[in-house]
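Data block below; observations after.
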Amino acid sequence: MPVTKITTKEFDQMVQAASVVLKNNADFINSLNVFPVPDGDTGTNMSLSFASGAKYVKQSNSKTIGEKASALAKGLLMGARGNSGVILSQIFRGFSKDVEGKTDLTAKELSNAITAGAKTAYKSVMKPTEGTILTVVRYAANAGQRESEKTDNVAEVMDAITKGAQDALKKTPDLLPVLKQVGVVDSGGQGLTFVFEAFADILNGRQPSNDKRSKFNVESNKMDQMVNEDHHESAQGQLDPASIVYGYCTQMTVRFGKGKEAKKSFEYDEFYNYLAPLGDSLLVINDDEVAKVHIHTEQPGKVLGWGQQFGDLINIKIDNMRAQQENIMENDEEIEEQPVDDVAAEPKDLAIVSVVAGKGLEDLFKSLGVTNIISGGQTMNPSTEDIVKSVNNSNAKQAIVLPNNKNIFLAAEQAEKLTDIPMKVVHSKTVPQGLTAMFSYNPENSLEENQAEMDDSLNTVKSGQVTAAVRDTKINGLDIKKGSFMGIVDGTIDVIGENLDDTTINMLKSMLDEDSENVTIIFGDGASQTDADKIEQAALAIDADLEIEIHEGNQPVYPLIISVE
């Protein structure tokens, strides 16, 4: 007999089955990373994120699909780890919004909800990249829409959605050259396909397989390529101020339904579409209570006026980018016009939260002014909830978060919307970038000024990390064997070798240039003071004028971390 609707009973089973499948296949997904490093954690992130969603669903006693889906979305958001986990949470956020108020789901309602999830996921990413989880969810949604026009059987529609995801997954190497080069499919897309396969198994009365390893070689790409990692307006020393088309960087937070001018109910498309023609670099992120807006425009008044129609405004910030650029070119230390209420002489009660793994690194960051540590990083990406709790428990009025890993960016950005106090993310991709950012921190500056200064400092340091390959692969013309050491410079495998010290020294040589002045060597698990001393002597042999510091970081995964400034 055809299954024509999904009740809360089936929905519960679908969610729990998907959680188990992701958990059982997490190591497989982790092993299928484009770069053969031991921190390929897409599978772990998706598994832990979905497990949080499954826990919320299990704890919900609701008898409606709408409320169950809302519980799934909330759990995913709070447990979201890494970029893949955050994108997964956005898919089911869109899904839940579309099924609000529904007791059960028909075939058509199921396909519509998956489509809504795809749209929400695309909107959550500033510069969507095809060949990722986004492509997979879009193809899946389109396949579901086509099938739902032919049948009211939800099992058949879910099968079609799954088939659409599988077909899209096969195409990801043709859309992202790095995937084809290594011979893999996208990791986030593979994880989502596992979820849809589990859903389809439950609706068809099949026992979900514990081992759903794809026939494809792999998955890959931790979604880092699809995220616009830094929305901060960087200073360009050679930029003519007159060439800036939209001169006012305008930011605001709208609190829905509050204030005397609030007359409209928030609808994302209406809100976004009004603002889009007013400028560029538009970003709108919202939940049920607030919307955060960033736009470059010539009409900041119109932007603020539009926001007021939906609620009162907080965290308003308008910067004249042309004036800023003029000052930068004149090497001024301060922007001419500062907010009246920004008294630079009075220190701010501000916490700095840093994600770090290793006792030595924790102590090093604290010595530079970090107030709170979240233990994590490679292979241990903290969740959105972990970051929110750390910020809320900081006993500060404001906070800055240093992820020190680009796979934590999206979780940190989601945390911005959920913390009790104003919070900003400094987009440090590596430990050396995080350390460099701390040298730009000024306790007398405002939250926004500190974020800007710290973000601007990130490109002044080169980051090198050495680790051992966990599998054989070929990438960027390099033939890498399992167990070989790899020197990774700013995210690119630059050097390979059979010896830890020699590989590190060759990597350091590639990082040094005539402008290099300072080298920091951080040794962790798998390395020693002796290794660090040998690298120091090699560096001084190249340039005797280098200033060199050595620290014991106790960090896992990367025995040696090198920074060059």
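The values are calculated or read from the model by the stated rules, or taken from the named source; none is laboratory data. Source: prediction; values computed, not measured. All Cβ positions, glycine included, derive from the backbone under ideal geometry; neighbour counts span all protein chains shown.
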| query | Take the residues of segment 376-406 that are part of a strand (DSSP E or B) and closer than 24 Å to Asp349 by Cβ: which is farthest from the chain's Cα centre (by Cα)? | reply | Gln398
| note | All conditions in (1) in a loop (DSSP other than H, G, I, E, B); (2) more than 24 Å from Leu361 (Cβ to Cβ); (3) of a type outside the set (Asp, Glu) are true of Tyr558 except (2)
| note | Considering segment 455-470, residues that are of a type in the set (A, V, I, L, M, F, W, C) and crowded, with 21+ Cβ neighbours inside 10 Å, and then whichever is farthest from Val425 (Cα to Cα), we arrive at Val466
| message | For segment 438-496: of the residues being in a loop (DSSP other than H, G, I, E, B) and touching a Phe, Trp or Tyr at 6+ places or on another chain (Cβ under 9 Å), which is farthest from Gln398 (Cα to Cα)? | response | Ala469
| request: Return yes when Val184 is hydrophobic (A, V, I, L, M, F, W, C), surrounded by fewer than 18 Cβ atoms within 10 Å (Cβ to Cβ) and farther than 21 Å from Ala113 by Cβ and no when it is not. | output: no
| query | Yes or no: Gln207 over 30 Å from Lys474 (Cβ atoms) and either of a type outside the set (A, V, I, L, M, F, W, C) or touching a strand residue (DSSP E or B) at 6+ places or on another chain (Cβ under 6 Å) (or both)? | reply | yes
| message | Name the residue that is nearest to Leu410 (Cα to Cα), counting only residues in segment 106-136 that are surrounded by fewer than 24 Cβ atoms within 10 Å (Cβ to Cβ) and over 27 Å from the mean Cα position of the chain (by Cα). | response | Glu109
| Would you call Ala539 assigned to a helix (DSSP H, G or I) and out of contact with any helix residue (DSSP H, G or I) (no Cβ under 8 Å at 6 or more places or on another chain)? | no
| Of the residues that sit in segment 40-62 and are outside any helix (DSSP H, G or I) and either buried (at least 20 other Cβ atoms within 10 Å of the Cβ) or not assigned by TED's automatic domain parsing to the domain that holds Lys23 (or both), which one is modelled with the lowest pLDDT? | Gly40
| said: Which residue is nearest to Gly205 (Cα to Cα), if the candidates are limited to segment 132-191 and must be outside any helix (DSSP H, G or I) and hydrophobic (A, V, I, L, M, F, W, C)? | reply: Val185
| Do you know which residues across segment 381-393 are farther than 15 Å from Leu410 by Cβ and crowded, with 21+ Cβ neighbours inside 10 Å? | Ser390, Val391
| task | Those residues that are assigned to a helix (DSSP H, G or I), at pLDDT 90 or above and of a type in the set (S, T, N, Q), I need them from segment 63-88; list them, please. | result | Ser70
| task | Test Ile65 against the criterion of being within 18 Å of the chain's Cα centre (by Cα), in contact (Cβ under 8 Å) with a residue 12 or more places away in the chain and outside the structural domain of Val470 (by TED's automatic domain parsing), and give yes or no. | result | no
| query | When you go through (1) under 23 Å from Ala26 (Cβ atoms); (2) among the aromatic types (Phe, Trp, Tyr); (3) modelled with pLDDT under 95 one by one for Tyr122, which number turns out not to apply? | reply | (1)
| task | Consider Asp513 carefully, then state whether it is acidic (Asp, Glu), outside any helix (DSSP H, G or I) and touching a strand residue (DSSP E or B) at 6+ places or on another chain (Cβ under 9 Å). | result | yes
| task | Quick one: in segment 162-181, of everything that is among the polar types (S, T, N, Q) and at pLDDT below 90, which residue is surrounded by the most Cβ atoms within 10 Å (Cβ to Cβ)? | result | Thr172
| field | Qualifying residue in segment 418-434 (condition: part of a loop (DSSP other than H, G, I, E, B) and within 17 Å of Lys366 (Cβ to Cβ)) | value | yes
| Would a scan of segment 289-299 turn up a residue that is modelled with pLDDT of 60 or more and over 28 Å from Val426 (Cβ atoms)? | yes
| task | Only residues that are closer than 21 Å to Val3 by Cβ and not in a helix (DSSP H, G or I): list them for segment 103-127, please. | result | Thr103, Asp104, Leu105, Thr106
| Pairs with Cβ under 7 Å, 6+ apart, first in segment 530-545 and closer than 13 Å to Leu500 by Cβ, second of a type in the set (Ser, Thr, Tyr) and surrounded by 13 or more Cβ atoms within 10 Å (Cβ to Cβ) | Ile535/Thr504
| message | Being more than 21 Å from Glu565 (Cα to Cα), hydrophobic (A, V, I, L, M, F, W, C) and crowded, with 18+ Cβ neighbours inside 10 Å is true for just one of Ile505, Ile480, Ile493. Which residue is that? | response | Ile480
| task | Test Asp159 against the stated conditions and say whether it is farther than 22 Å from Ala26 by Cα and modelled with pLDDT of 95 or more. | result | yes
| field | Neighbours by Cβ (under 9 Å, 6+ apart or cross-chain): first from segment 244-273, within 27 Å of Thr419 (Cβ to Cβ) and at pLDDT below 85; second surrounded by fewer than 16 Cβ atoms within 10 Å (Cβ to Cβ) and of a type in the set (Gly, Ala, Ser) | value | Cys249/Ser281
| note | If you go through Thr460, Thr430, Thr436, the only one that is of a type outside the set (Gly, Ala, Ser) and touching a strand residue (DSSP E or B) at 6+ places or on another chain (Cβ under 6 Å) is Thr430
| message | Going residue by residue through segment 437-452, is there one that turns out to be among the hydroxyl-bearing types (Ser, Thr, Tyr), within 23 Å of Gln555 (Cβ to Cβ) and not assigned by TED's automatic domain parsing to the domain that holds Thr42? | response | yes
| Within the set of pairs 6+ apart or on separate chains, which have a first residue in segment 435-461 that is touching a residue at least 40 places away in the same chain (Cβ under 8 Å), a second that is β-branched (Val, Ile, Thr) and part of a loop (DSSP other than H, G, I, E, B), and C-beta atoms under 7 Å apart? | Thr436/Val461; Met438/Val370; Gln451/Val426; Met454/Val426; Asp455/Val426
